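In what follows, a structure is listed as C-alpha coordinates, so that the remarks can point back to it.
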Amino acid sequence: MEYEFYLDKFKKSVDQLDRKLMAEKNLELYVGTYSDSVVLKLYKKQWTNDKVDPINARTRIFFTIWVNESTIKQNKIYYNIHAFKLRELKGFSVASRKFAHKFRIEFKKHLDDWKNVSVKFGPLTLMEGWNTLKVSNLENTIFSLAVNFMKIDSLIDEILKTFKKPNV
(Lines give C-alpha, C1' and ligand atoms only; values in the text may rest on other atoms or scores of the structure.)
Protein backbone atom coordinates (compact mmCIF):
# COMPACT_ATOMS: atom_id res chain seq x y z
CA MET A 1 0.00 0.00 0.00
CA GLU A 2 1.25 3.48 -0.83
CA TYR A 3 0.88 5.01 2.65
CA GLU A 4 2.33 8.41 1.73
CA PHE A 5 0.00 8.75 -1.26
CA TYR A 6 -3.09 8.04 0.86
CA LEU A 7 -1.86 10.13 3.80
CA ASP A 8 -1.45 13.05 1.40
CA LYS A 9 -5.01 12.58 0.08
CA PHE A 10 -6.43 12.39 3.62
CA LYS A 11 -4.49 15.48 4.72
CA LYS A 12 -5.61 17.49 1.69
CA SER A 13 -9.22 16.54 2.31
CA VAL A 14 -9.17 17.69 5.94
CA ASP A 15 -7.53 20.96 4.96
CA GLN A 16 -10.92 21.81 3.43
CA LEU A 17 -12.83 21.31 6.70
CA ASP A 18 -14.22 24.34 8.51
CA ARG A 19 -11.82 24.63 11.46
CA LYS A 20 -13.91 27.34 13.11
CA LEU A 21 -16.96 25.04 13.10
CA MET A 22 -14.86 22.17 14.41
CA ALA A 23 -13.64 24.36 17.27
CA GLU A 24 -17.21 25.43 18.08
CA LYS A 25 -18.21 21.76 18.20
CA ASN A 26 -15.08 20.80 20.20
CA LEU A 27 -14.19 18.29 17.49
CA GLU A 28 -10.61 17.07 17.33
CA LEU A 29 -8.96 15.60 14.26
CA TYR A 30 -6.32 12.95 13.69
CA VAL A 31 -4.90 11.86 10.34
CA GLY A 32 -2.26 9.17 10.30
CA THR A 33 -1.70 5.45 10.28
CA TYR A 34 -3.32 3.01 12.63
CA SER A 35 -3.27 -0.78 12.45
CA ASP A 36 -1.96 -0.99 8.85
CA SER A 37 -4.51 1.59 7.67
CA VAL A 38 -4.47 5.26 6.75
CA VAL A 39 -7.14 6.88 8.91
CA LEU A 40 -8.97 10.05 9.71
CA LYS A 41 -10.51 10.18 13.17
CA LEU A 42 -12.91 12.79 14.49
CA TYR A 43 -13.65 12.80 18.21
CA LYS A 44 -14.25 14.98 21.24
CA LYS A 45 -12.07 14.94 24.32
CA GLN A 46 -15.20 14.76 26.47
CA TRP A 47 -15.93 11.41 24.80
CA THR A 48 -12.93 9.81 26.49
CA ASN A 49 -11.30 9.53 29.89
CA ASP A 50 -7.77 9.86 28.47
CA LYS A 51 -7.21 13.49 27.49
CA VAL A 52 -3.52 12.84 26.80
CA ASP A 53 -3.97 10.03 24.26
CA PRO A 54 -7.62 10.04 23.14
CA ILE A 55 -6.76 8.20 19.89
CA ASN A 56 -5.69 5.06 21.76
CA ALA A 57 -7.78 5.47 24.91
CA ARG A 58 -9.51 2.44 26.36
CA THR A 59 -12.77 4.39 26.78
CA ARG A 60 -13.71 6.52 23.78
CA ILE A 61 -16.19 7.39 21.03
CA PHE A 62 -14.89 8.34 17.60
CA PHE A 63 -15.69 8.52 13.90
CA THR A 64 -13.17 6.94 11.53
CA ILE A 65 -12.62 6.89 7.78
CA TRP A 66 -9.98 4.43 6.59
CA VAL A 67 -8.29 2.61 3.74
CA ASN A 68 -5.87 -0.30 3.83
CA GLU A 69 -4.67 -2.96 1.42
CA SER A 70 -7.85 -4.98 1.83
CA THR A 71 -10.23 -2.05 1.28
CA ILE A 72 -8.24 -0.88 -1.72
CA LYS A 73 -8.50 -4.35 -3.30
CA GLN A 74 -12.27 -4.12 -2.72
CA ASN A 75 -12.28 -0.64 -4.27
CA LYS A 76 -13.85 0.75 -1.09
CA ILE A 77 -13.21 3.38 1.55
CA TYR A 78 -14.79 2.53 4.91
CA TYR A 79 -16.16 4.64 7.74
CA ASN A 80 -17.72 3.95 11.13
CA ILE A 81 -18.47 5.23 14.59
CA HIS A 82 -17.06 3.23 17.50
CA ALA A 83 -17.96 3.45 21.17
CA PHE A 84 -15.50 1.59 23.40
CA LYS A 85 -15.97 0.81 27.10
CA LEU A 86 -18.63 3.46 27.67
CA ARG A 87 -19.56 1.97 31.02
CA GLU A 88 -16.18 3.32 32.22
CA LEU A 89 -16.73 6.88 30.94
CA LYS A 90 -16.21 9.19 33.92
CA GLY A 91 -19.21 11.27 34.95
CA PHE A 92 -21.66 8.97 33.21
CA SER A 93 -23.46 5.75 33.92
CA VAL A 94 -23.67 4.33 30.40
CA ALA A 95 -25.08 0.97 29.43
CA SER A 96 -23.44 0.36 26.04
CA ARG A 97 -26.40 -1.45 24.49
CA LYS A 98 -28.83 1.26 25.58
CA PHE A 99 -26.51 3.95 24.23
CA ALA A 100 -26.17 2.12 20.90
CA HIS A 101 -29.94 1.62 20.68
CA LYS A 102 -30.68 5.31 21.35
CA PHE A 103 -28.01 6.39 18.85
CA ARG A 104 -29.36 4.12 16.12
CA ILE A 105 -32.92 5.38 16.57
CA GLU A 106 -31.72 8.96 16.05
CA PHE A 107 -29.23 8.03 13.33
CA LYS A 108 -31.95 6.44 11.19
CA LYS A 109 -33.27 9.96 10.55
CA HIS A 110 -30.00 10.66 8.71
CA LEU A 111 -29.62 7.47 6.67
CA ASP A 112 -30.06 9.27 3.34
CA ASP A 113 -26.74 11.08 3.94
CA TRP A 114 -24.76 7.83 4.25
CA LYS A 115 -24.04 5.32 1.48
CA ASN A 116 -23.97 1.59 2.11
CA VAL A 117 -24.39 2.06 5.86
CA SER A 118 -25.53 -0.47 8.41
CA VAL A 119 -26.33 -0.32 12.11
CA LYS A 120 -26.55 -4.09 12.51
CA PHE A 121 -23.63 -4.50 14.87
CA GLY A 122 -23.01 -4.97 18.55
CA PRO A 123 -22.77 -1.94 20.83
CA LEU A 124 -19.11 -1.20 19.99
CA THR A 125 -19.81 -0.28 16.36
CA LEU A 126 -22.69 2.20 16.27
CA MET A 127 -22.70 2.29 12.47
CA GLU A 128 -20.46 1.31 9.59
CA GLY A 129 -20.48 1.78 5.86
CA TRP A 130 -18.41 2.27 2.77
CA ASN A 131 -18.15 4.34 -0.38
CA THR A 132 -16.61 3.35 -3.67
CA LEU A 133 -12.91 4.19 -3.71
CA LYS A 134 -12.20 6.45 -6.66
CA VAL A 135 -8.70 7.87 -6.40
CA SER A 136 -9.66 10.78 -8.66
CA ASN A 137 -12.39 11.77 -6.17
CA LEU A 138 -10.87 10.49 -2.92
CA GLU A 139 -10.30 13.88 -1.28
CA ASN A 140 -13.91 14.88 -1.91
CA THR A 141 -15.21 11.54 -0.58
CA ILE A 142 -13.22 11.91 2.64
CA PHE A 143 -14.28 15.54 3.02
CA SER A 144 -17.96 14.68 2.45
CA LEU A 145 -17.89 11.85 5.00
CA ALA A 146 -16.27 14.13 7.59
CA VAL A 147 -18.86 16.85 6.94
CA ASN A 148 -21.64 14.27 7.29
CA PHE A 149 -20.28 13.30 10.68
CA MET A 150 -20.10 16.94 11.72
CA LYS A 151 -23.86 17.10 11.06
CA ILE A 152 -24.58 14.27 13.52
CA ASP A 153 -21.91 14.54 16.23
CA SER A 154 -24.47 16.33 18.40
CA LEU A 155 -26.52 13.11 18.51
CA ILE A 156 -23.75 11.58 20.59
CA ASP A 157 -23.66 14.58 22.93
CA GLU A 158 -27.43 14.57 23.40
CA ILE A 159 -27.57 10.84 24.08
CA LEU A 160 -24.64 11.03 26.50
CA LYS A 161 -26.53 13.68 28.48
CA THR A 162 -29.22 11.10 29.20
CA PHE A 163 -26.59 8.97 30.96
CA LYS A 164 -24.96 11.78 32.98
CA LYS A 165 -24.57 10.99 36.64
CA PRO A 166 -26.39 13.39 38.97
CA ASN A 167 -24.27 16.15 40.52
CA VAL A 168 -21.44 15.68 38.05
- Query: Taking the condition more than 18 Å from Lys45 (Cα to Cα), surrounded by fewer than 19 Cβ atoms within 10 Å (Cβ to Cβ) and in contact with a Leu (Cβ under 9 Å, 6 or more places away or on another chain), does Ala95 pass?
  - Reply: yes
- When you go through Asp112, Asp8 one by one, which is the residue that is under 18 Å from the mean Cα position of the chain (by Cα) and surrounded by fewer than 19 Cβ atoms within 10 Å (Cβ to Cβ)? Asp112
- Among the residues of the stretch 34-72, how many are surrounded by 14 or more Cβ atoms within 10 Å (Cβ to Cβ), polar (S, T, N, Q) and modelled with pLDDT of 95 or more? 4
- the stretch 122-142, subset within 15 Å of the chain's Cα centre (by Cα) and hydrophobic (A, V, I, L, M, F, W, C), residue nearest to Asn80 (Cα to Cα): Met127
- Does Ala100 meet the test of being modelled with pLDDT of 95 or more, surrounded by 14 or more Cβ atoms within 10 Å (Cβ to Cβ) and within 20 Å of Asp153 (Cβ to Cβ)? yes
- Task: Please enumerate the residues belonging to the stretch 85-137 that are part of a helix (DSSP H, G or I), over 15 Å from Leu160 (Cα atoms) and among the polar types (S, T, N, Q).
- Result: Ser136, Asn137
- Per-region count, the stretch 1-44, residues more than 21 Å from Met150 (Cβ to Cβ), among the acidic types (Asp, Glu) and free of Cβ contacts under 8 Å to residues at least 24 places away in the same chain: 3
- Query: Are any residues in the stretch 144-159 in contact (Cβ under 8 Å) with a residue 40 or more places away in the chain, in contact with a helix residue (DSSP H, G or I) (Cβ under 8 Å, 6 or more places away or on another chain) and not acidic (Asp, Glu), and if so, which ones?
  - Reply: Ala146, Met150, Lys151, Ile152, Leu155, Ile156, Ile159
- Task: Specify the residue that is farthest from the chain's Cα centre (by Cα); the eligible residues are those in the stretch 74-92 that are of a type in the set (S, T, N, Q) and either open to solvent by less than 10 Å² (accessible area, probe 1.4 Å) or on the phi > 0 side of the Ramachandran plot (or both).
- Result: Asn75
- Query: Which one is least open to solvent (accessible area, probe 1.4 Å) among residues in the stretch 151-162 that are over 17 Å from Lys45 (Cβ atoms) and touching a Lys or Arg at 6+ places or on another chain (Cβ under 8 Å)?
  - Reply: Ile159
- Task: Considering only the stretch 143-164, state which residues are over 12 Å from the mean Cα position of the chain (by Cα) and of a type in the set (A, V, I, L, M, F, W, C).
- Result: Phe143, Leu155, Ile159, Leu160, Phe163
- Single condition Gln16 does not satisfy, out of (1) farther than 21 Å from Thr132 by Cα; (2) part of a loop (DSSP other than H, G, I, E, B): (1)
- Note on the structure: Within the stretch 54-98, residues within 26 Å of Lys9 (Cα to Cα) and aromatic (Phe, Trp, Tyr) come out as Phe62, Phe63, Trp66, Tyr78, Tyr79
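The values are calculated or read from the model by the stated rules, or taken from the named source; none is laboratory data. Since the structure is predicted, the reported quantities are computational estimates derived from the model, not experimental observations. Positions of Cβ are backbone-derived with ideal geometry, glycine not excepted, and every protein chain shown enters the neighbour counts. Please note that ligands, DNA and RNA were not included when accessible areas were found on the heavy atoms of the full protein model with its side chains. Shrake-Rupley method; radii C 1.70, N 1.55, O 1.52, S 1.80 Å.
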